[in-house]
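Just below is one structure, and these are the notes that go with it.
The values are calculated or read from the model by the stated rules, or taken from the named source; none is laboratory data. Just so we're clear, the structure is a prediction, and the values are computed from it rather than from any experiment. We place every Cβ from the backbone using ideal geometry, glycine too, and count neighbours over all the protein chains shown. The area values use the complete protein model at the heavy-atom level, side chains included, leaving out ligands, DNA and RNA. Shrake-Rupley method; radii C 1.70, N 1.55, O 1.52, S 1.80 Å.
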Amino acid sequence: MLTVAMEPRGPGPAADLLGAVVTSFESTVLRPAPLSLRALEKVVAETVGGPDPRAVAESLLEATGGTPMLVRAVIDEAAAGTGRPAGAGADRLTERAPRSLVRWIVRKLRSLPEPSLELAQMVAVLGRATEPLVVEQTTGRGDAGVDEALAALIDAEILVDGPELRFAHPLVRTAVDASTPLVTRGRLHARAARALATTGASPERIAGHLLEAPARADQRAVRSLLDAAAAATARGERGTVCYLRRALREPPADRDLPMVLSQLGAAELPVDHEAAAAHLGEALELTSAPDARGAVARDLAWALAAGSRFEEAVTVLADAIVELPASDTVADLHDALSWIGRLSPGARDLQRQRLAGIRERTTGTGLPWDLHGLLDDLWNGTDARRTADSAEQVLRRAGLPGEGGVSWGAALTASWALAACDRLPEAHRALRTVSEESRRRGVHLLHLDDCLRASVELQLGRVPAAAELVATALEASESAGRPTIAQPIAAAALVESLIELGELERATAELASRELLDAEVDTPVHLPLLRARGRLRLALGQTDAGVADLLRGRRLDAELGPAAGSVGRWTPLVTALHSSGRVRDAQELGEEELARARAFGAARPLAVVLRTLAATAAPDRALRLLEEAVGLLDGSPAVLERARTLYVHARLLGSTGRTPTAREHLGLAAQLAVECGASSLHGRIREELLSLGDPARSPARDPRRRKRSPSVLTPSEERVATLAAEGLSNRDIAQKLFVTVKTVEWHLTQAYRKLDIVSREDLSEALQAAEHR
């Protein structure tokens, strides 16, 4: 006999009868087998759809274990349009429990012996609870009650028996958590935090519950949150800001309030400069110890500068320098004043006025005026040798940053100066040291160290490494949803790298997604963005827009930027003016740039200007300019610029009939371009060499580039489709390519349409077919 029965709604005769039948030795209980990943993928494709059914199926399998009832609850609610958070994609279906499942779990728990409901809620809150003391203290029940309820929950297959308490499926935990009133949940979290504190649990585990518990002015809670913040900072992990904000809400005792405010402001600085400025300003009013006041003033100044409040920042720094006795902290204030005082005309005038008074007060105190001297050299465009010597002098201050030696800001400034002076290996080593030390000590540098490292990597010809590094920095600079001062610098470095990789479409998308494609910008931190955006627009054929960006950047650079850093920076403007028919303007600008580059004396910027000016000159002079540029870069670590210069020189040699020398230069340029990973340049070199009429001498195809399929896939679409065909999920692809999941989904959708397929399983075959058409 086959019996089909519905589960009773509660205890009673029906439940007793069904229990007797199920537990009888003569009965065989038939249970639907879990759905496989392949089956789930088919179900998703036929119901909710989406560009990546497999990723959704993987999420469903993880949340439900393939249990048909749970899967059906999720799918039914998704089909009704109520099973996902607002604006979420199909891959987030399991973030919220279906309402039907919530109703079922509440009914089920209420039918079990007390305190089953409370015990299930406690396990949902704790996540895992191996300590009996924690279970008892959190539920407020004794051994007997907990044991009986636990047995019932395991028998009902809500919890799994084992050394740790956990739910049979993550989605069931989500449903129990959703069924728990907010007030009850907060009370349970508070109990859990107190119970865990008695067992020696980690600060982060205790603080995780305090984040969800109501504030009670409990100083033990404040101490636990501060300990968790310190642990997170020491490991370089996120969470510090959340812990400190929660500690402030508790609130801390009056004696601890300045310390909590200053720590919170310093932690917020990389992610929310407005909140950081507010908290640090309050901390400065409450702090009296000299060293602590100096540290708070420094952080407050950087927070104000991040919000373009430069003159306020200068005032804070100058006031603190005058007020405090000479110390390493005051040296840090000088370093900050040196930088921030140059970020706007008003700040620059105010800095000069305040520095004059400070010099009179601090004569003979031994304060570090060498950084001021370095920045003067940079802004005045002093020759490269002297500027590099000043940078090395700054770096030679005794000790590492934070150990009585050079400050972090000074170390970054000196490293950047070395790069501007064409001391690329030295700059690379200095920046690597600064990055490693800052991470080891939990010091936030606003991701400026990564931006500078990426710029140096690019100049050294390590294009993929630069793109990878700066993409990570860009994501980190936006991690809190509010971009930091590093965002435009990181975005510019990423665009420059993508241009070299030939990924113009992705470069455009990266700027557009951050509303930087048409943003009006007017601060020194946006100078790299104006250059990168101008280059991108020129590469896309948008000459007028590209010229406008480059002209604006050059004018802003002349007004606010460091003269040394601008040498050779705006040479793309010369090329753009010449190609648009403004030959005289291009020649005049080129000659002006050449005079500045010769006066500065660094080989790489001078070679860049010589190469650019050659395009505007008569053939004889152009050859002389290019020969000089090639000679300057012979053996230079600036491999990418060397490859570009060899390519341009070879083109001119070929046009004047010197084909053997042209081929030799092109062969070397192609080899260097492949070493750099500069796919776009490599393609141009290959075309030029083939045009000389001897394909046998052409360089080998760049092994990192697949043959472009005739299916009109863009490089980005082809890269994403290839990784998807290899079995990577959308999240894995996003991490590998340093893009968002949304970007991966968009590229896959375009690839499906162009390849005329509907399933991820068809990708491999479709790509192979396209390859051989």
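Side notes on the structure shown:
- Contacts under 7 angstrom Cβ, first residue in region 239-266 being more than 22 Å from G294 (Cβ to Cβ), partner in a helix (DSSP H, G or I) and charged (D, E, K, R), 6 or more apart: V241/E268
- Taken over region 588-609, the criterion of being surrounded by 23 or more Cβ atoms within 10 Å (Cβ to Cβ) and over 36 Å from the mean Cα position of the chain (by Cα) is satisfied by G590 alone.
- Each residue in region 530-541 was checked for being crowded, with 24+ Cβ neighbours inside 10 Å and either out of contact with any helix residue (DSSP H, G or I) (no Cβ under 7 Å at 6 or more places or on another chain) or over 10 Å from I499 (Cβ atoms) (or both), and 4 pass.
- Residue check, A283 modelled with pLDDT under 85 and over 21 Å from L560 (Cβ atoms): no
- Counted residues, region 293-312 - those being in contact (Cβ under 8 Å) with a residue 60 or more places away in the chain and open to solvent by less than 50 Å² (accessible area, probe 1.4 Å): 2
- S513 being open to solvent by less than 50 Å² (accessible area, probe 1.4 Å), modelled with pLDDT under 95, farther than 29 Å from G581 by Cβ and among the polar types (S, T, N, Q): no
- Qualifying position, being among the charged types (D, E, K, R), farther than 30 Å from S327 by Cβ and modelled with pLDDT of 90 or more, among R429, R462, R482: R462
- Of all residues in region 194-226, those satisfying the criterion of being open to solvent by 50 Å² or more (accessible area, probe 1.4 Å), part of a loop (DSSP other than H, G, I, E, B) and either under 22 Å from V123 (Cα atoms) or of a type in the set (G, A, S) (or both) are T198, T199, G200, S202, L211, E212, P214, A215, A217.
- Residue selected from region 156-193 under the condition in contact with a Leu (Cβ under 8 Å, 6 or more places away or on another chain) and more than 14 Å from L119 (Cβ to Cβ), by the criterion most open to solvent (accessible area, probe 1.4 Å): H169
- For L550, the test of being touching a helix residue (DSSP H, G or I) at 6+ places or on another chain (Cβ under 8 Å) and either in a loop (DSSP other than H, G, I, E, B) or farther than 25 Å from A306 by Cβ (or both) is passed.
- Of all the listed residues (R604, R644), the sole one being closer than 27 Å to G693 by Cα and assigned to a helix (DSSP H, G or I) is R644.
- The residue of region 385-411 that is modelled with the highest pLDDT, among those that are open to solvent by 10 Å² or more (accessible area, probe 1.4 Å), not charged (D, E, K, R) and not in a loop (DSSP other than H, G, I, E, B), is S390.
- Flag if H273 is modelled with pLDDT of 90 or more and closer than 26 Å to Q351 by Cα: no
- Residue within region 251-260 that is open to solvent by less than 60 Å² (accessible area, probe 1.4 Å) and either closer than 21 Å to S407 by Cβ or among the aromatic types (F, W, Y) (or both) present: no
- Within the set L101, L70, the sole residue that is at pLDDT 80 or above, in contact with a His (Cβ under 8 Å, 6 or more places away or on another chain) and part of a helix (DSSP H, G or I) turns out to be L70.
- Being open to solvent by 40 Å² or more (accessible area, probe 1.4 Å), touching a residue at least 40 places away in the same chain (Cβ under 8 Å) and not aliphatic (A, V, I, L, M) is a condition met by no residue of region 492-501.
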